[in-house]
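Engineer: My questions will all concern the structure given below.
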Amino acid sequence: MYILSLLAVVLLAGCSVREQPEAVYADTEQRLMHQFCIAAAHNPQLKEDIQFEYDSVNRTFTCQTQQWIEGIDTLRPAFYADGEVYVNGKEQLTGITPCNFSGRVVEYTVRNTSQMTQGKYSVSIISPQTTGLPVLKIDIAGGRIVKDKEKYLPATYMLNVSGTTIKGALEIRGRGNSTWWEKKKPYKIKLSESAPLFGMHKARTWVLLANALDVTLLTNNVAFSLARKMQMPFTNHGQHVELYLNDKYEGNYFLTEQIDVHKGRVEVDTLKGGFLAEIDLNFDKEYKWTSSIYKLPVMLSKPENSIAMDELKSVFFKVERLLARPNPSFEKLSALIDMPSLVRYMILNELVFNIELGHPKSVFFYRKSSEAPLEWGPVWDFDWAFGYAGSNFVYFQNPDQLMFDITHQSGQMWGAGGTFFSRFLLMPEFCELYRQEWERVLPEVSDIGGYIWSQGKQLDYSWHENRKRWGAPDVAKQDSYMVMAGFINRRVNLISKTTRRQN
């Protein structure tokens, strides 16, 4: 009897460890998920319920909003369904189980155990918070609005990057010149503590470019990429972000470095005669003067003192005096200017057809020390580049128009800047250097089309959110990138054709 009882226990034990067949649910056309919402009653951080629209054809619940959704990665939805509800194999309890909606789409499965049927439903929050880009939320003290470019306002910020959140304090003000008068404003922010945002060098001061005129949102991004391909020192990096100010969506912005004398930015030794200067019609810095020969609006950026100003005036006067001679001496000017850097600077601006050189605006140059020549850059401000026609969103005009014609040793640019830069083309040695430098960079810049498409893909959802916020011409996003890539390709062919004539 004991032996039989023992045998029965063994057999039962064997049955208990035997794998049970997994239940098989048949897909059904019957609607099993009847209601879906995210109620403020279950999510106290919300001010109101988040409602969804149901599409019976595609079996989707969708909410479209640009309002800030607090705690989007831990929302507790409420639903009514004919069966048990699962996400990634985990059972969901209505109003209780938190779910992450920051990934844009969540797949729900409803299983009816009595009928052994199941239905699958896609739930989406279409929002700037779900475009896949980093989200920067800035809350200004007292809910104040940035109204000028002079006064910093205290604020706090939260930066969410791929599920990781960084928080801190900052100050914010307006920035820019002509772009400041657009509805979509550019901003300058100063963090309370230095931070290496998006892998860029640690710093406190950063810029948020609005790209308000640009239908692609990519002109500055692509121009910086071309400059890096050409190995131009101190070229900006950056990252597109979704910006919220005081809970209100402000659009897609390009967060990038502020051009300044700083480690990881423009590295010059100001204690040994180094400086950073800018030529700009806005003429808005404390230390400034109009050059004597070409009437250029030259300004000292750093350091801000009279000694550096005198040094800048002295060397720039020497450059202008040599350049104004009937036959400028390449050798003598090379003692004052790093000619390869100037050639690269002119090529880059030619490639993207940046007419700001003619105004001139945003033309930076620097000297590392009193023993060093002037170098040109960093490149900056391409809102009026890429064939901009002078009105919102109209770019990529006149792709076959040259600014600098080394074949005829002449410039086709207007304005004081155009006159100044065109003078360098009078020197055969400079034109030969131009040709050689173009041959060097040609393989690097020719493949920029791939970069344009990859960046455009990252902006796939953001482009539409920005358009909903600010408007844009009735043009497909893909078409704008195609035109941009085609514009650069024609510029490449134009410069190649021109430089080949020198052989």
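Yes or no, residue by residue, for (1) among the basic types (Lys, Arg); (2) outside any loop (DSSP other than H, G, I, E, B); (3) at pLDDT 95 or above:
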| residue | (1), (2), (3) |
| --- | --- |
| 31 | yes, no, yes |
| 36 | no, yes, yes |
| 46 | no, no, yes |
| 54 | no, yes, yes |
| 57 | no, no, yes |
| 69 | no, no, yes |
| 73 | no, yes, yes |
| 86 | no, yes, yes |
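Engineer: Could you tell me which of the residues 466, 392 is at pLDDT 95 or above and either in contact with a Cys (Cβ under 7 Å, 6 or more places away or on another chain) or closer than 29 Å to residue 183 by Cα (or both)?
Structural biologist: Details: 392 fails: at pLDDT 95 or above.
It is 466.
Engineer: Any residue in the stretch 177-193 that is outside the structural domain of residue 30 (by TED's automatic domain parsing), free of Cβ contacts under 8 Å to residues at least 40 places away in the same chain, over 14 Å from residue 241 (Cβ atoms) and among the aliphatic types (A, V, I, L, M)?
Structural biologist: yes
Engineer: Turning to a different aspect of this structure: So residue 200 fits all but one of (1) surrounded by 20 or more Cβ atoms within 10 Å (Cβ to Cβ); (2) of a type in the set (A, V, I, L, M); (3) at negative phi; what number is the exception?
Structural biologist: (1)
Engineer: I've got another one for you. Scanning the stretch 205-264 for residues that are closer than 17 Å to residue 195 by Cβ and among the acidic types (Asp, Glu), which turns out surrounded by the most Cβ atoms within 10 Å (Cβ to Cβ)?
Structural biologist: So the residue we want is 257.
Engineer: Right, next: Residues in the stretch 358-371: is at least one under 23 Å from residue 259 (Cβ atoms), surrounded by fewer than 16 Cβ atoms within 10 Å (Cβ to Cβ) and in contact with a Gly (Cβ under 7 Å, 6 or more places away or on another chain)?
Structural biologist: The answer is yes; a qualifying residue exists.
Yes/no matrix, rows are residues, columns are (1) in the same structural domain as residue 36 (by TED's automatic domain parsing); (2) on the phi < 0 side of the Ramachandran plot; (3) out of contact with any Ser or Thr (no Cβ under 6 Å at 6 or more places or on another chain):
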{"site": "71", "(1), (2), (3)": "yes, no, yes"}
{"site": "84", "(1), (2), (3)": "yes, yes, yes"}
{"site": "139", "(1), (2), (3)": "no, yes, no"}
{"site": "146", "(1), (2), (3)": "no, yes, yes"}
{"site": "152", "(1), (2), (3)": "no, yes, yes"}
{"site": "155", "(1), (2), (3)": "no, yes, yes"}
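Engineer: I'd like the residue in the stretch 101-157 that is hydrophobic (A, V, I, L, M, F, W, C) and assigned to a loop (DSSP other than H, G, I, E, B) and, out of all such residues, is farthest from residue 28 (Cα to Cα). Let's see the steps before the verdict.
Structural biologist: Initial filter on the stretch 101-157 (hydrophobic (A, V, I, L, M, F, W, C)): 101, 105-106, 110, 116, 123, 125-126, 133, 135-136, 138, 140-141, 145-146, 153, 155.
Applying the additional criterion that residues be assigned to a loop (DSSP other than H, G, I, E, B) yields 101, 116, 133, 145-146.
Values: 101: 26, 116: 10, 133: 36, 145: 53, 146: 54 Å.
The qualifying residue farthest from residue 28 (Cα to Cα) is 146.
Engineer: Something else: When the stretch 461-476 is examined, which residues are found to be of a type outside the set (Ser, Thr, Tyr), in a helix (DSSP H, G or I) and in contact (Cβ under 8 Å) with a residue 40 or more places away in the chain? Give the steps one after another, and end with the answer.
Structural biologist: Quick first cut of the stretch 461-476, residues of a type outside the set (Ser, Thr, Tyr) only: 463-476.
This time we only want the ones that are in a helix (DSSP H, G or I), so: 463-470.
Hits for the stretch 461-476 are 463, 465, 466, 468, 469, 470.
Engineer: Read through the list (1) free of Cβ contacts under 8 Å to residues at least 40 places away in the same chain; (2) surrounded by 17 or more Cβ atoms within 10 Å (Cβ to Cβ); (3) of a type outside the set (Asp, Glu), then give the number of the only condition that residue 494 fails.
Structural biologist: (1)
Engineer: If residue 164 meets every condition in (1) touching a residue at least 24 places away in the same chain (Cβ under 8 Å); (2) over 29 Å from residue 471 (Cα atoms); (3) among the hydroxyl-bearing types (Ser, Thr, Tyr) apart from one, which number is that one?
Structural biologist: (1)
Engineer: Could you check how many residues of the stretch 286-328 are in a loop (DSSP other than H, G, I, E, B) and either surrounded by 15 or more Cβ atoms within 10 Å (Cβ to Cβ) or over 33 Å from the mean Cα position of the chain (by Cα) (or both)?
Structural biologist: Narrowing the stretch 286-328 to residues in a loop (DSSP other than H, G, I, E, B): 286-287, 291-296, 303-305, 324-328.
Still in the running and either surrounded by 15 or more Cβ atoms within 10 Å (Cβ to Cβ) or over 33 Å from the mean Cα position of the chain (by Cα) (or both): 287, 291-296, 303, 305, 324-328.
Residues in the stretch 286-328 being in a loop (DSSP other than H, G, I, E, B) and either surrounded by 15 or more Cβ atoms within 10 Å (Cβ to Cβ) or over 33 Å from the mean Cα position of the chain (by Cα) (or both): 14 in total.
Engineer: Could you check the stretch 329-346 and list, in sequence order, the residues that are surrounded by fewer than 17 Cβ atoms within 10 Å (Cβ to Cβ) and assigned to a loop (DSSP other than H, G, I, E, B)?
Structural biologist: 329, 335, 336
Engineer: Let me ask something additional. Just need a number here: residues in the stretch 139-175 that are among the hydroxyl-bearing types (Ser, Thr, Tyr) and at pLDDT 95 or above.
Structural biologist: Of the residues in the stretch 139-175, the ones among the hydroxyl-bearing types (Ser, Thr, Tyr) are 152, 156-157, 162, 164-165.
Now restrict to residues that are at pLDDT 95 or above: 152, 156-157.
Summing the residues that are among the hydroxyl-bearing types (Ser, Thr, Tyr) and at pLDDT 95 or above in the stretch 139-175 gives 3.
Results for (1) outside any strand (DSSP E or B); (2) under 29 Å from residue 397 (Cα atoms), shown as yes or no for each residue.
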| site | (1), (2) |
| --- | --- |
| 206 | no, no |
| 212 | yes, yes |
| 223 | yes, yes |
| 227 | yes, yes |
| 243 | no, no |
| 255 | no, yes |
| 276 | no, no |
| 284 | yes, no |
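Engineer: Separate question: Quick check on my filter: what residues within the stretch 79-105 are charged (D, E, K, R) and under 18 Å from residue 62 (Cβ atoms)?
Structural biologist: Of all residues in the stretch 79-105, those charged (D, E, K, R) come to 82, 84, 90-91, 104.
Scanning the stretch 79-105 gives a single hit, 104.
Engineer: Picking from 444, 429, which residue would you name as being in the same structural domain as residue 331 (by TED's automatic domain parsing) and in contact with a Phe, Trp or Tyr (Cβ under 6 Å, 6 or more places away or on another chain)? Full working, then the answer.
Structural biologist: Working: 444 fails: in contact with a Phe, Trp or Tyr (Cβ under 6 Å, 6 or more places away or on another chain).
Answer to the check: 429.
Engineer: Right, another one. If you go through the stretch 435-451 one residue at a time, do you hit one that is under 29 Å from residue 180 (Cα atoms) and either surrounded by fewer than 20 Cβ atoms within 10 Å (Cβ to Cβ) or within 22 Å of the chain's Cα centre (by Cα) (or both)?
Structural biologist: Residues of the stretch 435-451 that are under 29 Å from residue 180 (Cα atoms), as a first pass: 451.
Pick out the ones that are also either surrounded by fewer than 20 Cβ atoms within 10 Å (Cβ to Cβ) or within 22 Å of the chain's Cα centre (by Cα) (or both) and you get 451.
Within the stretch 435-451, one or more residues are under 29 Å from residue 180 (Cα atoms) and either surrounded by fewer than 20 Cβ atoms within 10 Å (Cβ to Cβ) or within 22 Å of the chain's Cα centre (by Cα) (or both).
Engineer: A further question follows. Which condition from (1) over 24 Å from residue 480 (Cβ atoms); (2) assigned to a strand (DSSP E or B) is the one that residue 234 breaks?
Structural biologist: Just one mismatch for residue 234, condition (2).
The values are calculated or read from the model by the stated rules, or taken from the named source; none is laboratory data. Just so you know, these numbers come straight off a predicted model, no measurement behind them. Virtual Cβ from ideal backbone geometry, glycine too; neighbours counted across all protein chains shown.
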